[in-house]
Structures are given as structure tokens and as C-alpha cells.
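So the structure is just underneath, and the comments pick up after that.
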Amino acid sequence: MNVKVNGGKATLEDFVAVARSGDKVFLSPLAHKKILRSRRAVEGAVNAGKVIYGITTGFGAFKNTVISKEQTSKLQENLILSHAVGVGDYLPTEVVRGLMFLMINYLSKGYSGIKWETVAALAEMLNKRVHPLIPEKGSVGSSGDLAPSAHMALVLIGKGEAEYHGKHVSGSRAMRKARIKPVKLDSKEGLALINNTSTMTSIAALLIHDARSLLKVADVAASLSLQALRGTDLSYDRRIHALKPHEGEVETAKNLRRLLAGSAFIDRKRVQEAYSFRCVPQIYGAVREALTYAEKVVNTELNSVTDNPLIFSDGKMDVISGGNFHGEPVAIAMDTLGIALSEIANISDRRTASLLDPATSNGLPAFLVEKGGLNSGFMILQYTTAALVSENKILAHPASVDSIPTSANIEDLVSMGTIAARKAREIFENVSNVLAIEILTACQAIDMRRKVERTLKLSPQTQKIYRLVRKVVPYFPHDTVYYPYVQKIKSSLLALV
């Protein structure tokens, strides 16, 4: 399939289709027109000898150094060479594809002054699966994601390193094999390619997409655990949440009622449960509303022009230096989402612990094993959730409140947005493992209940999930090596819903 890029609005679904599913991009005639108009304005300014930041001057602290017309091309190449200083592991391919798509999208809006041939070559790289190898660390989140974007642009000019059809090769070799002519950068182009929030936004957009499904999984895990406990669902009564009508809370309670409808495991003679069962709507509801906020921010960023300076070429040409490259909106949104996702793991760990402890499990064997003592059962699985929850508390410390000035104090407050996005993604992975362990635990407890009361039936909705789990994970009558089963559930977690 093709995703059309015309300088208009791209959806989160468009983004995921290109980044994760490998869909190709198609640059429309309208995008062509916008790019050409902006480029003509830049060329006119350079030919007229105007002094414009980043076009005929140096960058950052060198903003007052004037560059001659003859050196403007070398200026842009030097920008890419000097800024490609990332370190650490390489970003996942889907993140790289995503950030390339985001660059194509904002460049196609016609405010960056880049050449049509440069944008077309970038689209060709994406479509022919020339994926620059981009180290994940080194961005402070303004002036944009400079280092990651520079590593991307290195391959565009025939340098750097790339992944081409799964193989690690030099950038020049990848471009040659794909039959793409490397670009020779001209005035403004290097700046247009690296002054952006594309790396943090790519990580954030994929996280938003996956977090939607993870919240559904969290509802399922809570529903399975409540049935495994043989607890009461009275705290999910519609009337309770009508009196505290946060949208996320109301939605969560409604979803839990749907998931639990028809369950013979629910015991409404019990008065109430611990908070980790009783307060799921209030806690998950708050998480849902944090996700809604983060999604709004990311959707806006997906369609923003985050370059600097910007070229306004309708009628009189204006070149205005601003701060759209600053990642603060994404940084705060990702810090917020990271904190919210951490709460899912916190409450999940407590439900798992409740099912393993005879003091709180409502009659289940200790650690859910038939011969305790000889067998440890699920004891250490909860150690793992405890470790992950503790790690999340460290990761949830906000990156956006930190700043270290750069560029001789010209860039005196930076966003750390890429760090915030990376941390939020790491929290997401931890939460996924915690939920996988809870689901594994709940299914074990459910089978133990059924050994005593064979007529007990799960709700129809959760029975479907239980069957999917039992296709990859058996009942454990005695100790075994558990980690492969945790991995199996975790790898198929989002597919469960």
C-alpha cells in the first residue's frame, strides 16, 4: 500500500503503516508545488546576498558568522558531519522508518526551503528500505533531535552506515545497491534535515499506538485475577462511577463489567476487595486520561513543521527564526505517560501477590503449587514483577524537568524529550512483562479453583483470552522453567485483545 504525503494531515494509522508495516510513501503533486515554492524563496535570498540564520550564517553560537554564497553548500554538509555524534545501541528499524516518514511529512508542507530532489531521495530510501543506523543516545531534544537526524542525513549524502534488507553496510553501499543517487546538499538543506523532533515523536507515536492495546490487556488481566480470587465486582457498579464521572474511570468500569458479565467465579457475598481490585476503574481511568492527553500532543506533533528558520513565501518572503524544534510538548507528554504506565505495573504486581499469598488469596494454595516446599511454585515470578515495578519508579522520574545548557548557553533550556520518550518505552516493556506474569498467575489460580469446583465457568469474554493463553502455556502441577512461558505470553500480549 501507499501512504500519500501532500503536506496535509497524516494520521497515527498512516504513521504506523509506514513505520511498522512497511507501507510506501507517495509524494503528491501538491507537495511538489509547495516544496518548489519554498526552495525558490531560499535561492532568491542567497542570490540577493541576504544574511539569514543557518543559510548564510553559522549555527548556534556561530549565528553572527557570515558565510559566503560559495560556501553555503559546504556549510550544510559540515553541519551533518559534525552533528552525527550519537552513541549507544541503534534505534529499532520501525523508529527509523517512522522518523524518516515524519521528516518527509514536515518537509512537504513547504516551509523548509529544501530541494525537491532531496525530499524525493529521502522518500526513495524509505520505499527501498535503506534504513540509516542511528544511535539512540545523544539528543537533548532541542534544537531538535540533532544527532539522530544527522545520522539519518549521513546516509542521504552517501556516508554513514545503514541497514539494507537486513544487512549492516556502509551508507554509500546501501545507496548504490538501492540505485539511489546520494544528495549534494545546498543552502538551508542540512538545517532543514536535522532541526526537528522526529526521533522523539517517532518513538512516542509507536508507544501511543501500543499503549492503547496495553490498556485493554490491563483490563483483561484485572478481570482474570478478580475471577481467580473469587472476588466481588460490586465496586464496578455503574452508579458508583456516575458520582465521580471522570471519562477514563467510567470507561474502565464499563469495560470491566463487560469482561466479567456471566462469570460464575464472581462472589457478590464478599463485601469488598483490596484496592488493587476495587479501585481498578479509578486507577486505570487516570491512566486512560493521561494516554488521551499524550495522544493529542503526539498527533499534533506528527503534523507540525519543526524546522528552523521557517520560510514563509506567500507573497512577500519572510524567513523567521523560532523554536518549533523544541521538544517540550513531547517531553512532558512522554513523562506523563511513563508515570501513568508505571501505575499499571504497580497495581498488577499487587494483584499477583494477592493470588500467591494464602493470607489474601481466598483459599488458594501458597504460591499456586500443589506440593509447596518441595516446589516453590510462582514465588519468584512475583520477585520479577517487584523488580520491574521498582525499576519503573526510577525510570518514571521526569526527564523534562532537567536541562543542561548547550551551544555556549545559546540553547539554555532544552527539553530532553527523546530521553523522556525512550524511558516511557522502556517502562512500557516492563509493564508488558508484569501483565504477562499476572495473566500467567491468574490462569494458574483459575485452574486450581476448577480442580475443587469443576462447575465454575469464566465469563465468555475472559474465557476467550484464557483459551488463547492455554494454547501457549500449560497448567503447572510442579516447578518448571517458567521464563519461556512468560516470554510467550508477553510476545503475544497485544494480540490477546
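All of the numbers you see were taken from the coordinates with simple rules; none came from a lab. All of these numbers come straight from a predicted model, not from anything done at the bench. Quick reminder, even Gly has a Cβ in these numbers, built from the backbone with ideal geometry, and neighbours come from all protein chains shown.
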field: Separation of alpha-carbon centers, segment 303-326 and segment 350-383, rounded to whole Å
entry: 60 Å
task: Between beta-carbons, use under 9 Å as the cut-off and find the net charge around GLY86, counting Lys and Arg +1, Asp and Glu -1.
output: 0
task: Could you list the trypsin sites (Lys or Arg not before Pro) in segment 354-431 that lie in coil according to DSSP, counting only those with at most 16 other Cβ atoms within 10 Å of their Cβ?
output: LYS371
message: Using only the alpha-carbon atoms, how far is helix 72-83 inclined from the longest principal axis of the chain? Give it as 0 to 90 degrees, nearest 10.
response: 30 degrees
Residue-averaged [θ]222 nm for the chain, counting only DSSP H segments that reach four residues, each worth -39500 (n - 2.57): -18000 deg cm²/dmol
task: Mind listing the long-range amide H neighbours of GLY141? Cut-off is under 5 Å, sequence gap 5 or more, other chains count too, H placed in the peptide plane at 1.01 Å from N.
output: LEU146, MET416, GLY417, THR418
- line: Expressed in angstrom and rounded, the centroid-to-centroid distance over alpha carbons for segment 3-78 and segment 416-433 is 30 Å
field: Summed residue charge, Cβ within 12 Å of ASN6's Cβ, Lys/Arg positive, Asp/Glu negative
entry: +4
Ranking of HIS131, HIS151, HIS32, HIS168 by count of other Cβ atoms within 10 Å, fewest first: HIS168, HIS32, HIS131, HIS151
message: Quick check: the angle from helix 328-356's long axis to the longest principal axis of the chain, C-alpha only, nearest 10 degrees?
response: 20 degrees
- prompt: How much of the calculated P(r) for segment 214-496 lies past 35 Å, in percent of all Cα pairs?
  reply: 28 percent
- prompt: What order do you get for PHE476, PHE62, PHE367, PHE15 when you list them from fewest to most C-beta neighbours inside 10 Å?
  reply: PHE62, PHE476, PHE367, PHE15
query: Based on DSSP, what percent of beta bridges with both residues in the chain are antiparallel, to the nearest 5?
result: 75 percent
- prompt: Short version: ³J(HN,Hα) in whole Hz for each residue of segment 285-301, in order, from phi by Karplus 6.51 cos²θ - 1.76 cosθ + 1.60 (θ = phi - 60°), x for Gly and Pro, what are they?
  reply: x, 5, 5, 4, 6, 5, 5, 4, 4, 4, 5, 4, 4, 5, 4, 5, 5
- prompt: Which one, (1) 0.99; (2) 1.07; (3) 1.15, gives Rg/Rh (Cα atoms, Kirkwood Rh) as derived from the coordinates shown?
  reply: (2)
field: C-alpha long axis of helix 198-229 to longest principal axis of the chain, angle in °
entry: 0 degrees
